[in-house]
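A.B. asks: Quick one: the structure is below, questions incoming.
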Amino acid sequence: MRFFALLFCLFMADQVVAQTQREVGLELVLLADASGSIDAEELAFQRQGYALAMTDPQVLSAIENSLYGNVAVTYVEWASNTAVVVEWMIVDGMSSAQAFADALAGPPRQAYGSNAIGGALLDAKRLIERNDIVAPRAVIDFSGDSIRNSSGPSIAAAREEVLAAGITINALPILRPEDGRRAGANLEEEYSNRIIGGPGAFMVTAEGRDTFAGTVRRKLVLEISGRTPDHDKRAACCDGTKTHRLQ
């Protein structure tokens, strides 16, 4: 009898868990650079760019026309440590998109120091695995202006672990006005070779301040709709952004 009672309890526990899980079409971690190369003004500018993009009609249309009509998004800043700026939020229309945008403006900076890209990728993976959300797709949207990895796990080891978990990594390299290259490397090439990976992975380059929000918008539309730049060539030629798909 005790055995059957235990089975019944386990069954009921599974049902409770299933009922409390939220179902969406995409789990998306926006993993934004807050390392030493990003000052307070740039940090605020990045948050504003994502806020504008999330409330853009094109992004809202992509969400509305997606399979589930919603996405789960969290905004996380990374440096030597990672800090969650906006907790997981389900966006399914203008009201929830605006709530996400508003939430970006308030929290103080909590990520400091040099680069720990490997650790940031693994922290993003844990955020996906430990939430109460179920989705057919999970994406880490990594942005940064460097490829240095000063502490923590290596980029290669972290990337391998993330991809093994079935999570796609897309990237947004941020080019500097002076030359767009950091740490003695071609940032776009490094991100293409060492960061992005998984089914349909791609990279969109942020060329400067004037086009940053538009670049983020384009990237969100692609991620939410499940498209890749190869399937969206018209948009690529019309908004001035550069896209690269993982070969």
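A.B. asks: Report the calculated FRET efficiency for Ser95 and Glu41 (r = Cβ-Cβ distance, R0 = 22 Å), to the nearest 0.05.
C.D. replies: E between Ser95 and Glu41, to the nearest 0.05, is 0.15.
A.B. asks: Could you compute how fast the range 39-116 diffuses translationally, taking Rh as the Kirkwood radius over C-alpha pairs and applying Stokes-Einstein at 10 °C with viscosity 1.306 mPa s? Give it in µm² per second.
C.D. replies: 120 µm²/s
A.B. asks: Right, another one. Which value in nm describes the separation of the simple spin-label points at Glu160 and Asn193, placed 7 Å from the Cα toward the beta carbon?
C.D. replies: 1.8 nm
A.B. asks: Same structure, new question: Per residue, what volume in Å³ does the convex hull of the Cα atoms of the range 45-187 enclose?
C.D. replies: Looking at the range 45-187, the number lands at 124 Å³ per residue.
A.B. asks: Let me ask something additional. Over the range 18-139, with every protein chain in place, what whole percent of the accessible area is carbon and sulfur at 1.4 Å, could you tell me?
C.D. replies: The C+S portion of the solvent-accessible surface of the range 18-139 is 51 percent.
A.B. asks: Additional query: Give me the Kirkwood hydrodynamic radius of the range 25-66 in Å, from all C-alpha pairs, to one decimal place?
C.D. replies: Mean inverse Cα-Cα distance, inverted, gives 11.9 Å.
A.B. asks: Next question, about the same structure. If you count only protein heavy atoms with a 1.4 Å probe, what accessible area per residue comes out for the range 109-153, rounded to a whole Å²?
C.D. replies: On a per-residue basis, 39 Å².
A.B. asks: Just round it to a whole percent: the fraction of Cα-Cα distances in the range 73-130 exceeding 13 Å.
C.D. replies: Pairs farther apart than 13 Å: 62 percent.
The values are calculated or read from the model by the stated rules, or taken from the named source; none is laboratory data. Because the structure is predicted, anything quoted here is derived from the model rather than measured. Glycine also receives a Cβ, built like all others from the backbone with ideal geometry; neighbour counts cover every protein chain displayed. These accessible areas exclude ligands, DNA and RNA; they are computed on the full protein's heavy atoms, side chains included. Shrake-Rupley method; radii C 1.70, N 1.55, O 1.52, S 1.80 Å.
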